[in-house]
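The values are calculated or read from the model by the stated rules, or taken from the named source; none is laboratory data. All values derive from a computational prediction rather than experimental measurement. A quick note on method: Cβ atoms are made from the backbone with ideal geometry, for glycine too, and the neighbour counts reach across all protein chains shown. Side chains included, ligands, DNA and RNA excluded: accessible areas come from the protein's heavy atoms. Shrake-Rupley method; radii C 1.70, N 1.55, O 1.52, S 1.80 Å.
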Amino acid sequence: PQDHPRGLGDALLRARDSLAGSPFIAVLPDNLFHGSNPTAAVLDTFRTTKLATVLLAEIERKEAGSKGATGRAAVRPAPDGSLRVVAVADKGSGRFDTAGADRAVTPIGRMAFGGDILREFEEVGRSLAPGTELDDVPILQRLARREALAGVMNPARFFDVGVPEGYREAVAASPPRA
C-alpha cells in the first residue's frame, strides 16, 4: 500500500504481482454514476479494439466547477465505429477547465489496460523527480500520441465526489432509501 498519495501509476505498479501481466480495469472510486454501467462499455471496447480504453465525459462549462482538474481530450471517430483519443491535455489545478468552450471532453475514472502498460508507467516514473506523483495522465498522453487509446463516451450521469461540489450533487441526486 501507499503510505501517502503518490498517484494512480504508483498504485498500479504496487499491484504488479497481483496483476501478473494480465489485462485489468482501473476503477477510480471518486467517480460515481447514475444510469447504465459505463465500466461494461469500457471493457467491451477494450476487448473489441485491443487498445487501452478510457471512459470519456463531455463536461459543460456550467458543470465544470463540480468536476476535478483533469486534462481535456481530443477524440475522433475510428473506422470501426469506436472513438480514438488523439490528445490529452495536462491536468490543471482546482477544477475542470473547458478552456472557454461551452463544453469539453475529458477522461474519467474507468480505464482498461493490457498488462504491458505497467512498463510504460515504469518508464515515465523513472523520468520523474523523486517524490513526484506518478499520475495516469502522462500515460494517456503517450497512448493518444500513438493513437493507441480508445475512448467510450459515458452514457450515465457522472458525479465527481472527489470534490466537495460533486459530492453534494451526488448526495442530492441520491435520495435516502428505507
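Near the amide H of D97, under 5 Å away, which other amide H atoms are found, from residues 5 or more places off or on another chain, if H is placed in the peptide plane?
T70
Can you give me the accessible area per residue for the range 46-178, using a 1.4 Å probe, in Å²?
Working: 6900 Å² over 133 residues.
Per-residue value: 52 Å².
Given only helices, namely DSSP H runs of n ≥ 4 each adding -39500 (n - 2.57), what is the per-residue ellipticity at 222 nm of the chain, to the nearest 500 deg cm²/dmol? Provide the component values of the computation, followed by the final result.
Values: 6 runs with 51 residues, N = 178.
Per the formula, -8000 deg cm²/dmol.
Suppose each label sits 7 Å from its Cα in the direction of the beta carbon; what would the L19-S93 distance come out to in nanometres?
2.9 nm
Could you list which residues have their amide H under 5 Å from that of L128, counting only those 5 or more apart in sequence or on another chain, with H placed in the peptide plane?
none
Heavy atoms of the protein only, probe of 1.4 Å, neighbouring chains included. What is the accessible area of I25 in Å², nearest 10?
Solvent-accessible area, nearest 10 Å²: 60 Å².
List the pair-distance distribution P(r) of the chain, using every Cα-Cα distance, as the percent of pairs falling in each 5 Å bin from 0 up to the bin containing the longest distance, rounded to whole percents.
Result, from short to long distances: 1, 8, 16, 20, 21, 16, 10, 4, 1, 0, 0 percent.
Could you work out how far apart the two model spin labels at R119 and A178 are, taking each label as a point 7 Å from the Cα in the direction of the beta carbon, and quote it in nm?
With each label point 7 Å from Cα toward Cβ, the separation is 5.9 nm.
Take R76, R126, R119 and sort them by solvent-accessible surface of the protein heavy atoms, 1.4 Å probe, largest at the top. Intermediate results must be reported in sequence, preceding the final value.
Values: R76 80, R126 170, R119 145 Å².
From most exposed to least exposed: R126, R119, R76.
Determine the share of the chain's accessible area contributed by carbon and sulfur atoms, expressed in whole percent, with a 1.4 angstrom probe. Before the final figure, lay out the partial values.
Numbers: 4960 of 9590 Å².
Using a 1.4 Å probe with all protein chains present, the chain comes out at 52 percent carbon and sulfur.
Could you work out the local net charge near I139, counting Lys and Arg as +1, Asp and Glu as -1, over the other residues with Cβ closer than 10 Å to its Cβ? Show your work: numbers first, answer last.
Values: positive: R142; negative: E120, E123, D135, D136.
Value of the local net charge: -3.
Any idea how far the Cα center of the range 12-33 sits from the one of the range 127-173, in Å?
Each part reduced to its Cα centre gives a spacing of 14 Å.
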